[in-house]
Each structure stands twice: as structure tokens, then as C-alpha cells.
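Some notes on the structure that comes next.
What follows is calculated from the coordinates using simple rules that are stated; it is not laboratory data. Bear in mind that the values here come from a model prediction, so they are computed numbers and not experimental data. Positions of Cβ are backbone-derived with ideal geometry, glycine not excepted, and every protein chain shown enters the neighbour counts.
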């Protein structure tokens, strides 16, 4: 019976006990025992509202993902990723994905943090080889730091320091200004005050990329 329940869980992906009772045709108490055993084995996860989620074996490779990923099936995560890459704001995306706004906001915040972290790692690599003096920009009383390498703009919440730093050339400073203006005009929102660097990094990441490029880049970095 356990194998039958597991196969059904795999096929459904997300389900409640009441959903599969008519299919399994066993007493509810017995089904709950089977589900409890599957939970203990890590084959399924249960959310606080009673919803169960089948856990694919590939999940073992994603131990570093936040816990809330485990309570959403692969198809839901793919749809959330598509909404983010399509630049659909959370308040509208909830009508497409049909999950709580607070939960969807966690996904969006996580995506932005990943984008910022990846570009910061790339910036630090460039900076180590050729340290440049920072270009400063102020937003709502806080300073953010910009760097340009190979026509790519990078943002850092904190300044990078090194000895014998090189100044950006006049043409580089002009390029920084142009890219920054294109990206920053889309994040002029006071609600971004505490996470402005995340939103700015996101908009820089989006510039001149197709939906397919955005989706591929984001999926690769998850």
C-alpha cells in the first residue's frame, strides 16, 4: 500500500489526504499512518495547512535552497521563475501562481539576493585583478558603489578597497552614468530604501536581455 500511495503522490506532486482517499480506498486512519511513514522517510513533506508535497530525489542536490522551496512542486517554482523573469510584480503574479503574496515575495527576494550575490562575486574577481576607485551614488540618504569592467556595471552595498586603485577613465564614467540612469529610473520607489542595491542589481541584470536569457541565467544560479 505504501508504494501505491508513493506512486500517486509522485503523479500528483501536491495533494491533501482527502484528495486521494477515494482513489486509494482504504480507511483514513490507515492512510494517515502511511503518509506519516513517508514523511519520516523524507519521501513527502507536509505544510502547516495539511497539504502534502512529493519530494523528488533531485531535491537532495538542492540542500542550500531555502526551506520554503520544499513546499512547492517543480511546476510551481518554474511558473514563479517565469513571472519574475517577465517582470510581473508580486501583487499581480499571485493571480497566476495562486499562492500567498507573502510566500511569493520570499521567492522574489531570494531571486534578487542571488542576482546581487552572483554579480558581486564577479565584481570581486575583476577588482582583484584590476582594482578601480568606486563611483558613488546616493539614494535616500545611503551611498552605493558602482564599478565598470568590460562594459558591465556592477553595484556593491559596501566599497571595495585595495592599494593602488585605478581611476575609471572619462569614457568609463560616462558609461557608468548612462547604464545607471537606465537601470535606476525603474527603481525610484521609497519602499526599496533598505534593499535598493538588490533592486538596482536586478535592473542592471535585466538590461538588454531576452526573456529566455533571463530565465536561463536565473535557473542556472538557483
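Each listed q (0.15 Å⁻¹) maps to a log10 I(q)/I(0) for the range 149-195 from the Debye sum over equal C-alpha point scatterers, namely -0.54.
Each Cα pair of the range 2-55 feeds into the Kirkwood radius, which the Stokes-Einstein equation turns, at 10 °C and 1.306 mPa s, into a diffusion coefficient of 147 µm²/s.
One chain, two ends: residue 212 and residue 152. Fully extended at 0.36 nm per residue, the span grows by 19.6 nm beyond their Cα-Cα distance. Whole Å is fine, so just give me how far the alpha carbon centre of the range 154-212 lies from that of the range 77-115. Cα centroid to Cα centroid, the span is 22 Å.
The Kirkwood hydrodynamic radius of the chain, based on inverse pair distances between different Cα atoms, is 20.3 Å.
Taking the average, over residues, of other Cβ atoms within 10 Å as the packing measure, peptides 195-201, 82-88 rank 195-201, 82-88 from highest down.
Based on the reciprocal of the average 1/r between different C-alpha atoms, the Kirkwood radius for the range 173-222 equals 11.9 Å. Of all DSSP beta bridges in the range 85-222, what percent run antiparallel (nearest 5)? Around 90 percent antiparallel, to the nearest 5. Estimated from helical segments only, the mean residue ellipticity of the chain at 222 nm is -17000 deg cm²/dmol, where each DSSP H run of four or more residues counts as -39500 (n - 2.57). The C-alpha atoms of the chain define a longest principal axis, and helix 2-12 lies at about 50 degrees to it.
Both radii were evaluated on the Cα set of the range 1-133; the Rg over Rh quotient, with Rh as the Kirkwood radius, amounts to 1.13.
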